[in-house]
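Accompanying notes for the structure given below.
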Amino acid sequence: MNNPALLALGSTILCGTLAVAGLHTYASGKAQRQALEDRLATGHHKIGRGRRFSAIDRRVRKTGIGRKVQLKLSATGLDLTPGEFFVYMVAAVIGLWLIASSLLAPFFGPIAGLIGLYGANVFLNWQRQKRIEAFIGQLPDLARLLANGTSAGLALRTSLAMAADELEAPAGEELTKVSNELALGRSIDDTLNELAERLPSRELIVLVTTLVLSNRSGGTIVGSLRNLTETLEERKETRREVRTMLSEVNATAFTIPCLGIGAMLMLNAMNEGALARVTGSPVGQILMLVSLALYTVGFVVIRRLGKIDV
């Protein structure tokens, strides 16, 4: 190792960041569970936890990137503010930078930092997609509840509020937002369309379109919702089968970059300082960047080949 002090410092920062994030996740989950128990017992929501890094959060929210991060965070369901996310991201980038500089070579420090920045964006997109997948899995139950409520003579607003109380997260949380906005006087069309934009999926768009058109025309939606429930159940099973079939392809896509990183670590361990000597010249740096680009292209191509829209 080139510099044990840098490795120790980077590992400490990264582990500390992960520990704080883990404690934050645990505390948020515990608070949400307690709020759910209080709501079930008393019918009232509990006030959320206090926020950290308020000054940084106010400054981040004023920037264009901060507003985009806020939109992504609202779609992920994470109990984080843009300021908190920014602080955790910066700490993780610094830790990765120091660890890469120590384990590999100083040349890899900025690359690891950029990977950390990209990884933060990938993490948000992954959390958003994970929430969308969970919401899609609940759509058959949602359509069934709306059909039952409508067939019982309830208005669509009341049926949505009833479904918000019956369903678990994320559908329950999203429908609670819809019910609160409807209570403030917003139209059903705007509220449901905003929900479809926040959690984009074909299944949700079909459901929202059915509800909006039925609300505009004033016709009955019971038959449409019951047919839609059966269709959503079939699509749910199809998506599960496709995801199982593509699991090997996705695992291969992530294995290839890990093999490259492992090979560099083994090379540097067998011949200490080899990577520092290779990246000490412009030619070596160019070749290293080309190899990293090839690994990236391979990862993207395999992911594209294994992506099937259902």
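The values are calculated or read from the model by the stated rules, or taken from the named source; none is laboratory data. Small disclaimer: the values here were computed from a predicted structure and weren't measured. Positions of Cβ are backbone-derived with ideal geometry, glycine not excepted, and every protein chain shown enters the neighbour counts. Just so you know, the surface numbers come from the protein's heavy atoms only, side chains and all, with ligands and any DNA or RNA stripped out. Shrake-Rupley method; radii C 1.70, N 1.55, O 1.52, S 1.80 Å.
Some notes on this structure:
- Given (1) part of a helix (DSSP H, G or I); (2) modelled with pLDDT of 80 or more, number of the condition LEU225 does not satisfy: (2)
- Boolean, ALA164 is within 20 Å of SER74 (Cα to Cα) and either in contact with a Pro (Cβ under 8 Å, 6 or more places away or on another chain) or without any contact (Cβ under 8 Å) to a residue 60 or more places away in the chain (or both): yes
- Boolean, VAL249 is loosely packed, with under 13 Cβ neighbours inside 10 Å and free of Cβ contacts under 8 Å to residues at least 60 places away in the same chain: no
- Selection status of GLU233, under 30 Å from LYS307 (Cβ atoms), open to solvent by 40 Å² or more (accessible area, probe 1.4 Å), without any contact (Cβ under 8 Å) to a residue 40 or more places away in the chain and in a helix (DSSP H, G or I): no
- In the range 286-310, the residues that are closer than 22 Å to ILE99 by Cα and either assigned to a loop (DSSP other than H, G, I, E, B) or open to solvent by less than 70 Å² (accessible area, probe 1.4 Å) (or both): MET288, SER291, LEU292, ALA293
- Note on the range 210-222: among residues that are part of a helix (DSSP H, G or I), farther than 18 Å from ASN148 by Cβ and not hydrophobic (A, V, I, L, M, F, W, C), the one that is modelled with the lowest pLDDT is SER217.
- Residue check, LEU124 in contact (Cβ under 8 Å) with a residue 24 or more places away in the chain, open to solvent by less than 20 Å² (accessible area, probe 1.4 Å) and not small (Gly, Ala, Ser): yes
- Those residues of the range 139-159 which are open to solvent by less than 60 Å² (accessible area, probe 1.4 Å) and touching a Leu at 6+ places or on another chain (Cβ under 6 Å), in sequence order: LEU139, PRO140, ALA143, LEU146, ALA147, SER159
- Taken across the range 102-110, residues that are among the small types (Gly, Ala, Ser) and either open to solvent by 40 Å² or more (accessible area, probe 1.4 Å) or not in a helix (DSSP H, G or I) (or both) do occur, with at least one present.
- Residue that is surrounded by the fewest Cβ atoms within 10 Å (Cβ to Cβ), among those in the range 55-101 that are β-branched (Val, Ile, Thr) and outside any helix (DSSP H, G or I): THR63
- Residues of the range 252-278 satisfying the condition of being in a helix (DSSP H, G or I) and open to solvent by less than 50 Å² (accessible area, probe 1.4 Å): ALA253, PRO257, GLY260, GLY262, MET264, ASN268, ALA274, LEU275, ALA276
- Hits in the range 180-213 (condition: open to solvent by 20 Å² or more (accessible area, probe 1.4 Å) and touching a residue at least 40 places away in the same chain (Cβ under 8 Å)): ARG198, PRO200
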